[in-house]
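What follows is a short report on a single structure.
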Amino acid sequence: MRKRKKVLVSGCYDLLHAGHVAFLREAASFGRLFVTIGSDRNVGLLKGKPPYFSQEERLYIIKNISCVEDAWIGSGTGLLDFEPELRRIKADILVVNEDGHTEEKRAPLPEAQYRIQNLKKDPGRRAACARQLGHKKGTRLSFLASDKKIAGALKIKIRI
């Protein structure tokens with residue numbers, strides 16, 4: 001049996017929305033998905049304001065999305081807050097969206113055998129999810145993990 005690749009993504013994941021879920025599902029298509037959540041302190045440093053949901057709440061939500069094998073609060077700082085986790089799990093693939101694709105993300109482990117998979121932003125994915133829920137174009141779509149109706153429409157399974 002062939003070993004599935006380890007895939008790592010990193011992000012804030014505050015006010016989780018359909019675009020986040022679509023991104024996570026696409027990242028999971030490359031292998032076993034692991035997620036690093038930005039700590040409250042690091043999100044505050046990077047965005048200039050604290051996250052709406054605490055790091056514990058965001059971690060709980062992400063861990064309960066079925067395509068996520070495991071998730072942690074990032075132990076690093078700055079844009080490379082995921083670096084300690086990248087080293088620890090020995091990820092084969094680091095998946096970033098086109099907003100997060102920087103040369104700096106190639107630097108953490110020059111000796112490591114991992115590649116960066118850059119996913120293009122696809123507004124159509126998020127719009128399709130919104131249409132499934134009956135939202136009109138331009139409607140901001142955010143949800144909490146406890147909303148099973150929305151989760152069902154997005155074709156994700158939330159483990160509660």
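Of all residues in segment 15-38, count the ones that are surrounded by fewer than 22 Cβ atoms within 10 Å (Cβ to Cβ), part of a strand (DSSP E or B) and in contact with a Ser or Thr (Cβ under 8 Å, 6 or more places away or on another chain).
Number of matching residues: 1.
Against the conditions (1) closer than 24 Å to Arg87 by Cβ; (2) surrounded by 20 or more Cβ atoms within 10 Å (Cβ to Cβ), where does Arg41 fall short? Just the number, please.
Unmet condition: (2).
Give, as residue ranges, the strands (runs of 3 or more DSSP E) completely inside segment 45-123 that count at least 3 residues that are modelled with pLDDT of 95 or more and surrounded by 12 or more Cβ atoms within 10 Å (Cβ to Cβ).
Output list reads 68-73.
Name the single residue, out of those in segment 28-62 being of a type in the set (Lys, Arg) and out of contact with any Lys or Arg (no Cβ under 8 Å at 6 or more places or on another chain), that is farthest from Leu94 (Cα to Cα).
The selected residue is Lys49.
Working only within segment 1-52, note down all residues that are among the small types (Gly, Ala, Ser) and within 17 Å of Thr77 (Cα to Cα).
Once the filter is applied, which keeps residues that are among the small types (Gly, Ala, Ser) and within 17 Å of Thr77 (Cα to Cα), segment 1-52 yields Ser10, Gly11, Gly38, Ser39, Gly44, Gly48.
The values are calculated or read from the model by the stated rules, or taken from the named source; none is laboratory data. No experiment lies behind these values; they were computed from the predicted model shown. Note that we place each Cβ from the backbone using ideal geometry, even for glycine, and neighbour counts take in every protein chain shown.
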